[in-house]
Amino acid sequence: MGRIKNICCIGAGYVGGPTMSVIAQKCPNIRVVVVDSNEARIAAWNQEDLSQLPIYEPGLEQVVAEARGRNLFFSKEVNQAILDADMIFISVNTPTKTYGEGKGMAADLKWVEACARQIADVATSPKIVVEKSTLPVRTAQAIKDILQNSPSKVSFQVLSNPEFLAEGTAVQDLLNPDRVLIGGDQDPEGQAAIQALVEIYQAWVPMEKILTTNVWSSELSKLTANAFLAQRVSSINSVSELCEVTGADIEEVAKAIGTDSRIGPKFLKASVGFGGSCFQKDILNLVYICRSFQLHEVADYWEQVVKINAHQRERFAKKIIKSLYYTVNGKTIAFLGWAFKKDTNDTRESPAIYVADALLDERALLAVYDPKVAEEKIYRDLDFLENRSSEDNKRLVQVAESAYEACKDASAVAVLTEWEEFNSLDWERIYSSMQKPALLFDGRNLLNKQALEKIGFIVHAIGKSSP
Ligand code: UDX
Ligand code: ADP
């Protein structure tokens, strides 16, 4: 296969959208078509008004503005895009299974499988199929098996090219990656396919940052990179609980730990817990794979990272309930932030959802404000838990237009996402509009605790001893 001229990406989500936008921007001679079975999502990507793109990512508007209509296209014509492409990226969702074998642990591959079948049915010329979604080890083999049964008998190469972008910094991560990982077969055809993808990235990534491996190493590296990152968050969060009872300050401890160059300062921010579509899913996947190979000690080791995360969210909610004298019923708690981290409108596995759930069990009233998350998404997240009727969620949870509106008459404020704008709020105004005593629970150690205490707030912050 020569130089790639036409790329198709199936899945216009948080991974497919930004990744293809950057490839199109950096490779103006390659035609990149992003397709999705969700027509509304495609329509949103094609909107004139770039501030209304379906996902929020700093810097993405400019990249889309440059490439869209030139060599970047968003389309609902999946079959046509498959037919035209030399290389097809699969960037569809792979959530944890909610049914059957591996329920709650393994990745649900039904969307990946559907893509592979569709490619097998439609393709009439050789294709390089690239798995971009995070997938369990050996998924490439499953895709290969399906493609080999293609009626047209065309040849396929399957590569693993896991995505390491973090939401909120996706464009920067894509433009300037720590590394690009490409796994493929070790035979000459596999190596040629790897080379075709290497050439695309070479347009802007230095060669020494492009790592090539066998397929399984690549797949496993993605799962374990996320497991290591999540492990750091759970490690510091476990220490935060110890800080709260001993009088040590987690920020001082994290700084002291992180200045050791062997450890490094990143990913040591104690929080109400990690969220996002990857960490929990990938670790559960890793645990499931280990168990399926009877590696129970290894499985238990990684599972603990997820358990500490759930524990961190639970104890945050419990602290709110306890501080309100176990009578949360009918009291309003303002939530600042709903997204799983700042600078994204993604709420998948956001700790806010779980903290809200625990408080709603106590019949609290919630007033939620998030600068980027739409009201419908907040209700959808709560309805998805199936712990309360949709009517109850609507009755108990109000979505506010501003932080001031959310906090008015509230008994407590909880910071769930580290949006910068919360730092520059007029906290004196918020204090005077709240019920007294005014409690503040900082789940991100975002705010200046001493300044707030001076105003009169009773502040509980992660990893700091409470009043
Ligand atoms: C992660 C990986 O970083 C990325 O490489 C992979 O491709 C996808 O999964 P993402 O989930 O987008 O990216 O965000 P990330 O920045 O890793 O944060 C994950 C969660 O951990 C967030 O909820 C964040 O708030 C939390 N976190 C992160 C902490 O609580 N403390 C930290 O120090 C760092
Ligand atoms: P990610 O964070 O992995 O990008 P998203 O859920 O944001 O996940 O995006 C995945 C996208 O893939 C969704 O927009 C979904 O509609 C799309 N998708 C899933 N299966 C298919 C399919 N078989 N054909 C086309 N699009 C699909």
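Summary table below
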item	result
Search result, residues across segment 55-87 that are within 16 Å of ligand 1 (Cβ to nearest atom) and among the β-branched types (Val, Ile, Thr)	Ile55
Odd one out for Val34 among (1) touching a Cys at 6+ places or on another chain (Cβ under 9 Å); (2) more than 16 Å from ligand 2 (Cβ to nearest atom); (3) not small (Gly, Ala, Ser)	(2)
Top-ranked residue of segment 27-62 - restricted to ones that are crowded, with 16+ Cβ neighbours inside 10 Å and among the hydroxyl-bearing types (Ser, Thr, Tyr), ranked as nearest to Phe73 (Cα to Cα)	Ser37
Qualifying residue in segment 106-116 (condition: aromatic (Phe, Trp, Tyr) and within 16 Å of ligand 2 (Cβ to nearest atom))	yes
Restricting segment 151-178 to residues that are among the charged types (D, E, K, R) and touching a residue at least 12 places away in the same chain (Cβ under 8 Å), the residue that is farthest from Phe267 (Cα to Cα)	Glu163
Filtered residue count, segment 223-248, keeping only those that are over 25 Å from Asn161 (Cβ atoms) and not polar (S, T, N, Q)	10
Selection count, segment 64-100, where residues are away from ligand 2 (no atom under 16 Å from the Cβ) and either assigned to a helix (DSSP H, G or I) or more than 22 Å from Leu165 (Cα to Cα) (or both)	9
Qualifying residue in segment 391-398 (condition: buried (at least 20 other Cβ atoms within 10 Å of the Cβ), touching a residue at least 12 places away in the same chain (Cβ under 8 Å) and over 25 Å from Asn445 (Cα atoms))	yes
Test: residue in segment 107-126 that is at pLDDT below 95, over 21 Å from Ile4 (Cα atoms) and within 16 Å of ligand 1 (Cβ to nearest atom)	yes
Within segment 152-208, considering residues that are among the hydroxyl-bearing types (Ser, Thr, Tyr) and more than 16 Å from ligand 2 (Cβ to nearest atom), the one farthest from Asn6 (Cα to Cα)	Ser152
Single residue of Val154, Val137 found to be in a loop (DSSP other than H, G, I, E, B), under 24 Å from the mean Cα position of the chain (by Cα) and away from ligand 1 (no atom under 16 Å from the Cβ)	Val137
Filtered residue count, segment 1-15, keeping only those that are surrounded by fewer than 24 Cβ atoms within 10 Å (Cβ to Cβ) and within 11 Å of ligand 2 (Cβ to nearest atom)	1
Long-range neighbours under 6 Å by Cβ, at least six apart or interchain, first residue farther than 14 Å from Leu174 by Cα within segment 44-69, second among the acidic types (Asp, Glu)	Leu50/Glu61
Filter result (in contact (Cβ under 8 Å) with a residue 24 or more places away in the chain and β-branched (Val, Ile, Thr)) within segment 261-298	Val272, Ile283, Val287, Ile289
Members of segment 249-288 that are surrounded by fewer than 23 Cβ atoms within 10 Å (Cβ to Cβ) and touching a Pro at 6+ places or on another chain (Cβ under 6 Å)	Gly258
Selection count where residues are more than 16 Å from ligand 2 (Cβ to nearest atom), in contact with a Lys or Arg (Cβ under 9 Å, 6 or more places away or on another chain) and not in a helix (DSSP H, G or I), scope segment 333-361	4
Test result for Lys307, within 20 Å of the chain's Cα centre (by Cα), without any contact (Cβ under 8 Å) to a residue 40 or more places away in the chain and part of a helix (DSSP H, G or I)	yes
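Residue by residue, here is whether (1) under 19 Å from the mean Cα position of the chain (by Cα); (2) of a type in the set (D, E, K, R) holds:
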{"site": "Ser51", "(1), (2)": "no, no"}
{"site": "Val63", "(1), (2)": "no, no"}
{"site": "Lys76", "(1), (2)": "no, yes"}
{"site": "Asn79", "(1), (2)": "no, no"}
{"site": "Asp86", "(1), (2)": "no, yes"}
{"site": "Gly100", "(1), (2)": "no, no"}
{"site": "Trp111", "(1), (2)": "yes, no"}
{"site": "Gln118", "(1), (2)": "no, no"}
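The values are calculated or read from the model by the stated rules, or taken from the named source; none is laboratory data. Just so you know, these numbers come straight off a predicted model, no measurement behind them. Cβ atoms come from the backbone with ideal geometry, glycine included; neighbour counts cover every protein chain shown.
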